[in-house]
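See structure below.
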Amino acid sequence: MKKGFYFLIIFLICVNASAQEKNPIKKQINAVNITTPPKIDGILNDKEWENIPVATDFIQFNPINGAKPSQKTKVKIAYDNSAIYIGAFMYDTSPDSINRGLSQRDDINNTDWFLIYIDPYNDAKTSYGFLLTASGVQVDLKATTEGEDGNWDAVWKSSAKINDKGWVAELKIPYSALRIPKKDIQTWGLNMFRYTNRNKEKITWNFIDKKVSGFTNQQGELLGIKNIEPPLRLSFTPYLSSYVEKQPDSDNFSYFIKGGLDLKYGFNESFTLDMMLIPDFGQVQSDDQILNLGPFETYFSEKRSFFTEGTELYEKAEIFYSKRIGSTPAKYDDVELNDNEEITDNPSQTQLINATKITGKTKKGLSVGFLNAMTTNTFATVKDTITGNKQKIKTQPFTNYNLVVLDQSLKNNSYISIINTNMSRFEDNYTANVTGTDFTLKNKKNTYAIIAKGAVSQINTDTSSNDIGAYYDIDFSKISGNFRATYTQRLETDTYNPNDMGFLRSNNEITNRIILRYNIYNPFWKVLNLYNYFSMSHSTLFSPRKYTSMYIGYNLNTTFKNYMSLGFNFNLHPIERHDYFEARVPNRLFILPSSENISFWASSDYRKKIALNTYFGAYKINSNDNEFSYWIGISPRFRPNNKLLLNWDIDYDFTNNDKGYVDDSNDTIFFGRRDMQTITNTLNLSYIFSNKQSLKFRVRHYWSKVNYNKFYELQEDGYLRNSAYSENNDINYNAFNIDLVYKWNFAPGSELSVVWKNSIYNDGEIIRKNYFDNLNNTISSPQTNSFSFKVLYYLDYQNIKKKKA
């Protein structure tokens with residue numbers, strides 16, 4: 001099997017050599033130094049914009065890669081000692097047809113837009129993006145070799161105006177929003193994008209060839225910036241928040257006020273300290289809870305801005321999961337009760353004291369990142385029901401989290417990095433340390449790459465020392481052209497455990513995978529583009545070296561010229577699978593028969609006022625017990641005007657005669673045969689008053705019920721036999737959440753927000769058959785309500801200094 005894989009990958013690397021692209025041409029434009037900054041009003045009639053070179057000759061990215069655009073675009077760039085200025089004129093032969101849908105900051109809703117990407121180090125590693133919509137909404141982005149990051153935020157000024165010849169975007173980007181090398185003469189990477197929504201045309205200043213992997217490596221250059229003296233980068237963002245909350249176990253409302261500070265300080269042009277003192281995450285959107293019957297932890301995406309903004313450097317080697325910081329206390333479930341005792345309070349999250357980030361890049365292309373966070377002691381409260389006495393039981397002591405990462409840029413858009421995470425609970429004598437590496441090596445023409453990552457974990461406790469494990473993942477890939485291919489091998493030892501600061505569902509695995517892609521990027525017949533994806537994998541345990549699964553899959557996605565998109569997916573396990581995790585006992589095997597899975601999805605044109613997404617699929621296990629599942633989803637989208645948007649997601653999932661773990665006693669492991677039904681309704685409603693004010697309403701109801709109809713005992717050979725086990729394990733689980741958020745960006749970097757959050761979580765053994773009966777029961781259940789008011793105010797040292805002067 002392995003020899004076949006190696007032979008195939010060598011063959012794929014050798015073929016198609018004629019498809020190697022020529023070295024791309026880099027356009028260049030000069031920025032002009034000015035002494036008086038222009039007024040940022042979207043008019044471009046200031047004399048400072050006169051006699052400045054013009055960037056023109058944009059070229060299509062979509063829909064026809066490499067074609068001439070339908071409209072003219074002209075851009076001018078100027079600079080002084082504090083900022084860079086961009087004046088862009090998007091000519092339009094039908095200015096009354098310019099789309100200008102409103103949205104929240106950092107969101108785009110059916111609108112034309114202009115985007116400029118700036119790479120101060122010109123190494124194709126990190127570009128800072130500043131996007132302005134025709135309705136004046138700001139979006140900031142950071143692009144790396146890994147892709148675009150929309151969580152990065154910066155403070156900058158802009159204005160957009162529509163006139164009888166098109167529309168104008170005028171931007172002022174302070175150097176404090178960038179990381180600049182210390183040089184007398186600067187050469188920056190640069191690319192500019194324009195998007196016209198009515199014909200979905202995206203054009204770029206420097207041509208981006210879809211056949212070439214990546215886009216930061218296909219940028220032009222900005223010349224002419226020299227002898228700049230960026231001012232001190234220092235800003236403060238104090239906050240004040242107040243809360244009114246009612247918990248389900250209390251008849252009274254609680255009131256409290258919080259205050260804290262975010263501080264940003266530039267050590268120099270390239271390195272920045274970002275510190276958060278007494279943070280408040282009470283207004284963060286609720287996680288979408290689900291019923292998880294599997295052996296692995298549920299993954300939730302990070303939504304706290306401090307841990308999402310500018311953290312792409314911390315994602316190296318797959319060993320950092322920021323939600324571990326401030327997560328559930330280590331002994332949350334281990335509070336022991338004596339007779340006549342009950343738990344009256346048991347916080348489900350540890351309290352963060354502060355967090356600090358330091359990031360930057362040296363002039364030789366070495367990126368450096370550091371993160372530290374600390375959480376305070378966490379206690380559960382236990383009450384004696386007879387005497388009324390209360391005692392505190394510590395569920396997690398003071399905990400310290402550290403992360404350090406170094407990332408060195410190499411030639412040919414390559415890099416190598418090393419990263420370390422360390423979590424310490426000193427009082428428990430518990431330390432978890434993980435050190436990893438991550439590198440990408442590409443050839444000069446950016447057609448082939450070796451992409452690898454790996455790490456070593458080590459846990460020290462009172463009872464064990466040097467509990468060491470490791471993993472690696474290595475890809476050999478053809479990354480450019482219509483035809484692309486990847487061979488991957490991933491290995492995780494049975495002792496590898498990064499989960500004190502990382503996230504890994506399971507270890508003890510070896511997987512070999514091959515992926516073949518054939519993509520058509522330009523239109524043909526009635527099709528705009530077509531993407532084909534074939535994959536095949538084979539997996540075993542690391543120890544003992546035993547077979548677990550074989551997988552074959554095919555996926556096709558396409559978009560038609562009417563902008564209807566369709567997708568098809570088919571995959572199968574052609575032979576039985578050996579699952580060593582479902583039993584929850586080491587080395588116990590559960591055998592699953594072969595299976596097939598097929599699914600379809602479709603999406604209509606989002607430019608229209610009414611759009612629709614839908615999907616459906618089915619899964620079949622080849623057994624005598626009629627094991628199957630199917631799922632269907634529909635998501636209508638209604639946009640009656642530029643301010644209002646309604647989106648409703650309805651998902652239904654049914655599984656018949658699924659078999660899975662139920663319980664264990666001594667050496668006996670019990671499985672159950674069950675029918676499962678899940679219905680999820682999610683309604684999103686947004687009303688945008690202006691490009692500064694918005695109201696968003698989100699309600700989600702998740703209902704999952706599990707009905708057991710037969711029980712088994714797992715045998716040593718991995719098969720099941722009938723059992724007399726008769727416990728009631730039926731589940732009726734509901735999660736109901738409301739998030740109502742009003743936001744007002746009343747000044748650059750400053751925000752006022754008012755939030756109402758409602759949450760209900762309940763589960764029981766009584767299965768409810770009627771949806772509305774179940775919904776009424778859920779709404780009448782104990783619930784948590786939180787109403788909060790928060791104001792952030794951005795203070796820039798340079799602005800304060802100017803006002804005093």
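The values are calculated or read from the model by the stated rules, or taken from the named source; none is laboratory data. What you see is a predicted model; the values in this text were computed from it and never measured. We place every Cβ from the backbone using ideal geometry, glycine too, and count neighbours over all the protein chains shown.
Specify the residue that is surrounded by the most Cβ atoms within 10 Å (Cβ to Cβ); the eligible residues are those in region 39-61 that are assigned to a loop (DSSP other than H, G, I, E, B) and polar (S, T, N, Q). It comes out as 56. Across region 216-238, a minimum of one residue is classified as part of a loop (DSSP other than H, G, I, E, B), in the same structural domain as residue 75 (by TED's automatic domain parsing) and within 30 Å of the chain's Cα centre (by Cα).
Taking the criterion of being out of contact with any Ser or Thr (no Cβ under 9 Å at 6 or more places or on another chain) and modelled with pLDDT under 95, the residues of region 355-398 that qualify are 384, 385, 386, 387, 388, 389. The listed residues are 487, 496, 472, and the only one of them that is under 22 Å from residue 430 (Cβ atoms) and among the hydroxyl-bearing types (Ser, Thr, Tyr) turns out to be 496.
No other residue among 679, 731, 669 is at pLDDT 95 or above, over 29 Å from residue 751 (Cβ atoms) and under 30 Å from the mean Cα position of the chain (by Cα) apart from 679. With respect to being of a type in the set (S, T, N, Q) and closer than 24 Å to residue 288 by Cβ, residue 759 fits the description. Residues that are in contact (Cβ under 8 Å) with a residue 60 or more places away in the chain and among the aromatic types (Phe, Trp, Tyr) do not occur anywhere in region 643-653.
Considering region 545-610, the qualifying strands (runs of 3 or more DSSP E), each wholly inside and each with 3 or more residues that are among the aliphatic types (A, V, I, L, M), run over 547-560. Applying a threshold of 8 Å to beta carbon distances and a minimum spacing of six or more residues, or different chains, the list of pairs starting in region 101-123 at a residue that is closer than 29 Å to residue 367 by Cα and ending at one that is assigned to a loop (DSSP other than H, G, I, E, B) and at pLDDT 95 or above reads 105/137; 107/137; 117/219; 119/219.
Criterion applied to 587, 532 was being surrounded by fewer than 17 Cβ atoms within 10 Å (Cβ to Cβ), at pLDDT below 95, of a type outside the set (Val, Ile, Thr) and in contact with a Phe, Trp or Tyr (Cβ under 8 Å, 6 or more places away or on another chain), and the one residue passing it is 587. What is the number of the single condition among (1) modelled with pLDDT under 95; (2) crowded, with 21+ Cβ neighbours inside 10 Å; (3) among the hydrophobic types (A, V, I, L, M, F, W, C) that residue 154 does not meet? Evaluating residue 154 over (1) modelled with pLDDT under 95; (2) crowded, with 21+ Cβ neighbours inside 10 Å; (3) among the hydrophobic types (A, V, I, L, M, F, W, C) leaves (2) as the failure. For region 243-259, check the following and say yes or no: at least one residue is modelled with pLDDT of 90 or more, over 30 Å from residue 779 (Cα atoms) and among the aliphatic types (A, V, I, L, M). Checked against the condition, which is being modelled with pLDDT of 90 or more, over 30 Å from residue 779 (Cα atoms) and among the aliphatic types (A, V, I, L, M), region 243-259 yields no hits at all.
Of the residues that make up region 755-769, is at least one assigned to a strand (DSSP E or B), touching a residue at least 24 places away in the same chain (Cβ under 8 Å) and under 30 Å from residue 158 (Cβ atoms)? Yes, there is a match, as at least one residue in region 755-769 is assigned to a strand (DSSP E or B), touching a residue at least 24 places away in the same chain (Cβ under 8 Å) and under 30 Å from residue 158 (Cβ atoms). Residues of region 502-516 that are more than 24 Å from the chain's Cα centre (by Cα) and at negative phi: 509, 510, 511, 512, 513, 514, 516. Tell me whether region 242-256 contains one or more residues that are over 30 Å from residue 658 (Cα atoms), within 27 Å of the chain's Cα centre (by Cα) and outside the structural domain of residue 434 (by TED's automatic domain parsing). Looking through region 242-256, none of the residues is over 30 Å from residue 658 (Cα atoms), within 27 Å of the chain's Cα centre (by Cα) and outside the structural domain of residue 434 (by TED's automatic domain parsing). Listed by first and then second residue, the pairs linking a residue in region 404-429 that is under 27 Å from residue 327 (Cα atoms) and outside any strand (DSSP E or B) to a residue that is of a type in the set (Gly, Ala, Ser) and at pLDDT below 95, with Cβ atoms under 8 Å apart and 6 or more places separating them unless they lie on different chains, are 428/330.
For region 188-208, a residue qualifies if it is within 26 Å of the chain's Cα centre (by Cα) and assigned to a loop (DSSP other than H, G, I, E, B), and the qualifying residues are 200, 208. Of all residues in region 482-540, those satisfying the criterion of being over 30 Å from residue 202 (Cβ atoms), in a strand (DSSP E or B) and of a type in the set (Gly, Ala, Ser) are 537, 539.
Applying the criterion of at least 1 residues that are in contact (Cβ under 8 Å) with a residue 24 or more places away in the chain, within 29 Å of residue 418 (Cα to Cα) and β-branched (Val, Ile, Thr) to the strands (runs of 3 or more DSSP E) found wholly in region 331-394 leaves 352-361, 366-375. Considering (1) of a type in the set (D, E, K, R); (2) within 30 Å of residue 493 (Cβ to Cβ); (3) in contact with an Asp or Glu (Cβ under 6 Å, 6 or more places away or on another chain), the lone condition that residue 579 does not fulfil carries the number (3). Restrict the check to region 686-695 and report whether at least one residue is of a type in the set (Gly, Ala, Ser) and under 30 Å from residue 585 (Cβ atoms). No, there is no match, as no residue in region 686-695 is of a type in the set (Gly, Ala, Ser) and under 30 Å from residue 585 (Cβ atoms).
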